[in-house]
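Report on the following structure.
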Amino acid sequence: MKPTSGPEEARRPASDIRVFASNCSMHGLGHVFGPGSLSLRRGMWAAAVVLSVATFLYQVAERVRYYREFHHQTALDERESHRLVFPAVTLCNINPLRRSRLTPNDLHWAGSALLGLDPAEHPAFLRALGRPPAPPGFMPSPTFDMAQLYARAGHSLDDMLLDCRFRGEPCGPENFTTIFTRMGKCYTFNSGADGAELLTTTRGGMGNGLDIMLDVQQEEYLPVWRDNEETPFEVGIRVQIHSQEEPPIIDQLGLGVSPGYQTFVSCQQQQLSFLPPPWGDCSSASLNPNYEPEPSDPLSSPSPSLPYTLMGCRLACETRYVARKCGCRMMYMPGDAPVCSPQQYKNCAHPAIDAMLRKDSCACPNPCASTRYAKELSMVRIPSRAAARFLARKLNRSEAYIAENVLALDIFFEALNYETVEQKKAYEMSELLGDIGGQMGLFIGASLLTILEILDYLCEVFRDKVLGYFWNRRHSQRHSSTSLLQEGLGSHRTQVPHLSLGPRPPTPPCAVTKTLSASHRTCYLVTRL
């Protein structure tokens, strides 16, 4: 603050509004509260100051309201890289179970749940499979496991995979990881499971990714006995290209690859980044797939969980729903619940999943960070007439078999660039403060130090007016009580009679005595007190 000038201002307390107005750095206050009487000029300055303050407060309220709406904007950018992590590729045969691996025991336990067969139809179905009916006196096993059925009867990658190359180097079934999905037994290339090193590529284009040749084994497809929701009518492979953190939902997101064609899949990586509330709706908290009817022990350490993904959240939500309704889980679901029996599959699990999908009961927000792959497909027929005989000789299959069962799949990056889609805050706190500071300087010519001056003035007012009032009141009360005490002591001393052992001459009053004896001096001192 500016130093005070003049003896008159020096005599005024710091809480006086004129002293504050003359020393404050806020423009206009010195003209409003300056010395002198009220005039037209002072009134115009007061109106200008009030109007400027009102406009400033309105602008501040608008900026604060806009900030509290938490707007965001999306930035799209394309970046280059010298090396990209190759995505995970999950493959599933459309046929879930091989006909050569089904047994009468499998039909007894799972025939009605998976194939819609009545017990009386089992012999006819076995004859359609080319298998003999159950022998007389057949006794089914006392227990049955659906996961073991799919693991035993599902298509084997050793039989399907005819050729495999990654970036021109040979690969094989050892580069794939077995995984169970709603389509049965599937295989994932470059899954990164069990700490395996992720494969990368340094070039884009065909020949710099995954090239595989597969046999779909149509002779192993189950006959279509009757039409139901689980009956497949097509032939081929379902393929999903996804990140290593995301579980495959291949029955919903998989691509269809048909035998008799070579399919080229050109990919481009996209990295997505979203904002959490209140600017966005993303989440990073993983959902535990285990259904816990009672709250867990707060002292127990939380179990490690995978990074949050949208598909992982939906899968965990479905698992919890089925576990709560049926007390079990389907064989592809994660968690610790027991696998459902075939009867639970038919009567509870499948109806519960269908009802849940119809109601869309899973509220899964977008992950705050995720990776996805844009895809472009093209295909050509194989084999050509010139190559049919060569392939038949190489694969030890007939030309007709190759045309009906063999497919080729080539997955590669289009280029070693990737897109970034990032949500950003449209209005930061620094921008809000900058706008407030600009409005403050434009309308009232103030700054942050001016606010400190106003706060300092309010402290002076509080000290002088409020604390001073209570201090003066307490001082006056103390002074009054002291005066009353003195008056009481004085009156008490004057009324006490003078005791003596013998007659004394009369003593003049203390107030008019010029020459005081010892006793008179004592009376005088008491009276003065």
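The values are calculated or read from the model by the stated rules, or taken from the named source; none is laboratory data. Treat the numbers as computed from the prediction; the structure is a model and nothing was measured. Quick reminder, even Gly has a Cβ in these numbers, built from the backbone with ideal geometry, and neighbours come from all protein chains shown. The protein model used for the area step is the full one, side chains on, heavy atoms only, and it has no ligands, DNA or RNA in it. Shrake-Rupley method; radii C 1.70, N 1.55, O 1.52, S 1.80 Å.
If I ask for residues that are of a type in the set (Asp, Glu) and assigned to a helix (DSSP H, G or I), which ones from segment 31-90 would you list? Working first, answer last.
From segment 31-90, those of a type in the set (Asp, Glu) are 62, 69, 77-78, 80; that's our starting set.
Answer for segment 31-90, where residues must be of a type in the set (Asp, Glu) and assigned to a helix (DSSP H, G or I): just 62.
Of all residues in segment 439-471, how many are touching a Gly at 6+ places or on another chain (Cβ under 8 Å) and under 20 Å from residue 19 (Cβ atoms)? Show your work before the answer.
Let us first name the residues in segment 439-471 that are touching a Gly at 6+ places or on another chain (Cβ under 8 Å), namely 444-445, 447-448.
Narrowing the set further to residues that are under 20 Å from residue 19 (Cβ atoms) leaves 444-445.
Result for segment 439-471: 2.
Identify all residues within segment 142-156 that are in a helix (DSSP H, G or I) and within 38 Å of the chain's Cα centre (by Cα); write none if there are none. Let's see the steps before the verdict.
Taking segment 142-156 as the starting set, the residues that turn out to be in a helix (DSSP H, G or I) are 146-153.
Those that are in a helix (DSSP H, G or I) and within 38 Å of the chain's Cα centre (by Cα): 146, 147, 148, 150, 151.
Looking at segment 48-72 only, could you name the residues that are aliphatic (A, V, I, L, M) and open to solvent by 50 Å² or more (accessible area, probe 1.4 Å)? Steps first, answer last, please.
Here is the first cut: in segment 48-72, the residues aliphatic (A, V, I, L, M) are 48-51, 53-54, 57, 60-61, 64.
Selection gives 50, 51, 54, 57, 61, 64.
Please tell me if residue 399 is open to solvent by 40 Å² or more (accessible area, probe 1.4 Å) and in contact with a helix residue (DSSP H, G or I) (Cβ under 8 Å, 6 or more places away or on another chain).
Judged against the criteria, residue 399 is a match.
Scan 436, 451 and give me the residue that is surrounded by 14 or more Cβ atoms within 10 Å (Cβ to Cβ) and in contact with a helix residue (DSSP H, G or I) (Cβ under 9 Å, 6 or more places away or on another chain). Steps first, answer last, please.
Values: 451 fails: surrounded by 14 or more Cβ atoms within 10 Å (Cβ to Cβ).
So the residue among 436, 451 that is surrounded by 14 or more Cβ atoms within 10 Å (Cβ to Cβ) and in contact with a helix residue (DSSP H, G or I) (Cβ under 9 Å, 6 or more places away or on another chain) is 436.
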